[in-house]
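One structure below.
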Amino acid sequence: MPNKPVIRIYPDGTRTHYPSVKQAPEANGIGMSQISTACLFEWKCHGFYWRKAGEA
């Protein structure tokens, strides 16, 4: 899987940027597949929306 930047979006709209889809789960204790699925289907994962950078 390529290292694409991802963004975690809080309910208040605040964003946290991660340099890759691999580093985001390591920093948050979430599985990489969960974040990838949340980005793909625009679902919440662990209370946050996740988007690939450039799509948010």
Residue separation between Arg51 and His17 times 0.36 nm, minus their alpha-carbon distance, gives in nm 11.3 nm
Karplus (6.51, -1.76, 1.60) ³J(HN,Hα), θ = phi - 60°, over the range 15-21, in Hz, Gly and Pro reported as x
10, 10, 9, 10, x, 7, 5
Of the listed values (1) 39; (2) 11; (3) 55, grab the one calculated as percent of Cα pairs over 19 Å apart from the structure here.
(2)
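Using the number of other C-beta atoms within 10 angstrom as an exposure proxy, rank Ser33, Ser20 with the fewest first.
Details: Ser33 11, Ser20 16.
The fewest-first ordering by Cβ neighbours comes to Ser33, Ser20.
FYI, it's all coordinate maths here, none of it is from the lab. Predicted model, so just to flag it, every value in this text is computed and none were measured. Counting neighbours? That spans all protein chains shown, and the Cβs are built from the backbone with ideal geometry, glycine included.
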